[in-house]
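Enquirer: One structure, pasted below without further comment.
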Amino acid sequence: MLTSDGDPELSLRISSPVGASGTLTIPGLGITNAFMVAAGAVTNISITSDAMMVDYDTNETYGIHITASRSVSVYALEFDRWASAAFTGYPTTLLGTNYCVMAHASATSESYDFGFNMYSQLAVVATADNATVTIIPSATANLDGQYGTNYCSTNAYTETLQQGQTYQINSLDDADDGGINDVTGTLVKSDKPIAVFAGADLACVPDDNTPYANPLVQEQLPVDLWGTQALALSFAGRTNGDSYRVLAAYSNTVVAITGDIVTNVSFEGSMYPTVTSCNETVMVTNQAGQCYDLIVIGPVVFQASQPIQVAHFAIGGEYDHPSSHEGDPCEILLPPTGHYLETNIVFTLTNDLPDKSTGTSI
Amino acid sequence: MNYLNIIVPQSATTNTLVDGLPITATNFVAIGTSGYYGVQVAMTNSGAHKVTSSRPAGVEVYGFGIYDAYGYFGGVVK
């Protein structure tokens, strides 16, 4: 789990269409947990917050290993009042050795002074011993190394990880360098399969002008599992549209984006935005590691000349619901069209997500 | 509130079930000219949900609360 501010409840939700038994281990914490999941059910396993990566630019041993007798789906949930997030954990058979990171800039301390730094960040878990991991920071990453080291250039550096070891790295906080930093486009390569996670510990979507901030994290698909088409539909209740980010792994990737594309958002004189949109196809050319952001209302098709990764973001809740404050940013990485499961056993939270006790909204 | 966004090929719009109940086919909307159709389904009960379809289905799972949200994708195959 990436670093989180606050006091989150961490859990893994394991499901199976046919039922399975298995074992969850966190070797670095000496934790071994046998589990059963019934056909069509979801087993909820609480994870100690000790498994959260709190340090950065150093090797830790917080990898979580799950084995099961039959195929299972694994979902991770960080439930924290006003600061929840979830992601899908991929099986080792989907992991690879070549990743181009999809993340997001963090909220800036200039706009949101919570008294702690906020970071765009990524993390790596090794699946085998002596994995040599090469990280090539993107031009916007401005990675913050420990002990005076930093990786603000795009020069590659390497880390050697053993099985189950984890390595987390953050961008500089904007208060440190005055910039908006984003690890998106950072390349992570390895000589052995690795799992890569990325996001931001608190982010505003699409930017700080649209409150409020929420954590974003998704496990990354290796580039060889990217595809040339991705599809999505707006999130329910978000009538002013959702934010999308299209990332290219290779230069001169031409992407045709078709949908009801938002061309202007104005908050002038009202807490409710005036949104202008147009049914059209926008053509975009991305270079390797470059991303393109846009807001689309309703169905959207991304069709590309070379493999892309598309992220679907919910925009800050005030964009649609400035009176009720319902909603916050979340992120879902879209797999390429057709690479879908036959049967999905998923979980949803209670409808009072989250509770409305007193506290500071973030 | 919690929701599923489900995307299936057009042929599966008449044969996609959530927790054993069929989705009304007319609720699906075309995703451009991709040949795929999508639908938003509001989930009134928390916990496990089963999405079955005559073709593989893309499922976004998400929920919104006051100042909060979460979301993830149902699953990926090669």
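No lab work stands behind these numbers, since they all come straight from the coordinates. Computed from a predicted model, the values in this text were never measured in an experiment. Heads up, the Cβs are rebuilt from the backbone with ideal geometry, glycines too, and the neighbour counts pull from every protein chain shown.
Enquirer: Please return the longest stretch of chain A lacking exposed loop sites, where GluC sites (Glu not before Pro) count only if DSSP places them in a loop and at most 14 other Cβ atoms lie within 10 Å.
Expert: Free of exposed loop sites, the longest segment is A:111-267.
Enquirer: Rounded to the nearest Å, what's the spacing between the alpha carbon centres of segment A:118-137 and segment B:52-69? Just the number, please.
Expert: Each part reduced to its Cα centre gives a spacing of 29 Å.
Enquirer: Sticking with this structure for a sec: Can you spot the aspartates and glutamates whose alpha carbon is less than 13 Å from A:Lys189's alpha carbon? Ignore those fewer than 8 places along the same chain.
Expert: Reachable aspartates and glutamates: A:Glu159, A:Asp224.
Enquirer: List the pair-distance distribution P(r) of segment A:152-245, using every Cα-Cα distance, as the percent of pairs falling in each 5 Å bin from 0 up to the bin containing the longest distance, rounded to whole percents.
Expert: Calculated P(r), rounded to whole percents: 2, 8, 16, 20, 20, 15, 12, 6, 2, 0.
Enquirer: Distance from a point 7 Å along Cα→Cβ of A:Asp176 to each backbone N in segment A:82-118: keep the residues under 13 Å and list them by number.
Expert: Counting only backbone N, you get A:117-118.
Enquirer: What does the charge count around A:Ile194 come to, taking other residues whose C-beta lies under 14 Å from its C-beta (Lys +1, Arg +1, Asp -1, Glu -1)?
Expert: -3
Enquirer: What is the pair-distance distribution P(r) of segment A:162-205, computed from all Cα-Cα distances in 10 Å bins starting at 0, with each bin given as a whole percent?
Expert: For segment A:162-205, the binned pair fractions read 18, 49, 25, 8 percent.
Enquirer: Could you pull the Cα extents of segment A:68-116 along its three principal axes, largest to smallest, in whole Å?
Expert: 48, 29, 12 Å, listed from the longest principal axis down.
Enquirer: Determine ³J(HN,Hα), in whole Hz, for all residues of segment A:88-97 in sequence, where each value follows from phi through the Karplus function 6.51 cos²θ - 1.76 cosθ + 1.60 and θ = phi - 60°; x replaces Gly and Pro.
Expert: Listing the rounded values in order: 9, x, 8, x, 4, 5, 9, 6, x, 10 Hz.
Enquirer: What is the average number of partner chain Cβ atoms found within 10 Å of a Cβ in A:321-333?
Expert: Taking all residues of A:321-333 together, the mean is 5.
Enquirer: Roughly how many nanometres apart are two label points built 7 Å out from the Cα toward the Cβ at B:Asn15 and A:Asn44?
Expert: Distance between the two pseudo-spin positions: 3.5 nm.
Enquirer: Please list 3J(HN,Hα) in residue order for segment A:108-125, calculated via the Karplus relation 6.51 cos²θ - 1.76 cosθ + 1.60 where θ = phi - 60°; whole Hz, with x for glycine and proline.
Expert: Using θ = phi - 60°, the values come out as 9, 5, 5, 8, 10, 8, 8, x, 9, 6, 10, 9, 7, 8, 9, 9, 10, 10 Hz.
Enquirer: Largest first and to the nearest Å, give the Cα extent of chain B along each principal axis.
Expert: 37, 28, 25
Enquirer: Residues with amide H under 5 Å of A:Asn170's amide H, sequence separation 5 or more or different chain, H placed in the peptide plane at 1.01 Å from N; which?
Expert: Those qualifying (amide H under 5 Å, at least 5 residues apart or on another chain) are A:Asp57, A:Asp144.
Enquirer: Looking at chain A as a GNM with Cα springs under 10 Å, which of A:Thr61, A:Thr154, A:Thr348 has the largest mean-square fluctuation?
Expert: Among A:Thr61, A:Thr154, A:Thr348, the largest mean-square fluctuation in the Gaussian network model of chain A belongs to A:Thr348.
Enquirer: What average number of partner chain Cβ atoms lie no more than 10 Å from the Cβ of the residues making up A:232-241?
Expert: Counting other chains' Cβ atoms within 10 Å and averaging over A:232-241 gives 5.
Enquirer: Using a Gaussian network for chain B with springs between C-alpha atoms less than 10 Å apart, which of these wobbles most: B:Asn27, B:Asn15, B:Asn45?
Expert: B:Asn45
Enquirer: For segment A:1-88, max minus min Cα coordinate along each principal axis, in Å, sorted largest first?
Expert: Principal-axis extents of the Cα atoms in segment A:1-88, largest first: 39, 30, 16 Å.
Enquirer: What translational diffusion coefficient, in µm²/s and rounded to a whole number, does the Stokes-Einstein relation yield for chain A at 4 °C and a viscosity of 1.567 mPa s, taking the hydrodynamic radius as the Kirkwood radius over Cα pairs?
Expert: Estimated via Stokes-Einstein, D reaches 62 µm²/s.
Enquirer: Using the Cα gyration tensor of segment A:34-188, with a ≥ b ≥ c the square roots of its eigenvalues, what is the shape: rounded (a/c below 1.5), prolate (a/b larger than b/c) or oblate (neither)?
Expert: oblate
Enquirer: I would also like to ask the following. Hey, can you grab everything whose amide H is under 5 Å from the amide H of B:Tyr37? Only 5+ residues off in sequence or another chain; H modelled, so Pro and N-termini drop out.
Expert: B:Val8, B:Gln10, B:Ile31
Enquirer: Give the longest segment of chain A that steers clear of trypsin sites (Lys or Arg not before Pro) in DSSP loops with at most 15 neighbouring Cβ atoms within 10 Å, not counting the sites themselves.
Expert: So the longest stretch without any such site is A:71-355.
Enquirer: Right, next: Looking only at A:Gly178, A:Gly30, A:Gly259, which one moves most when chain A is put into a Gaussian network model with springs between Cα atoms under 10 Å?
Expert: A:Gly30
Enquirer: Then there's this: Tell me, what is a quarter of the convex hull surface for the C-alpha atoms of segment A:250-307, in nm² with one decimal?
Expert: The orientation-averaged projected area of the Cα hull of segment A:250-307 comes to 4.6 nm².
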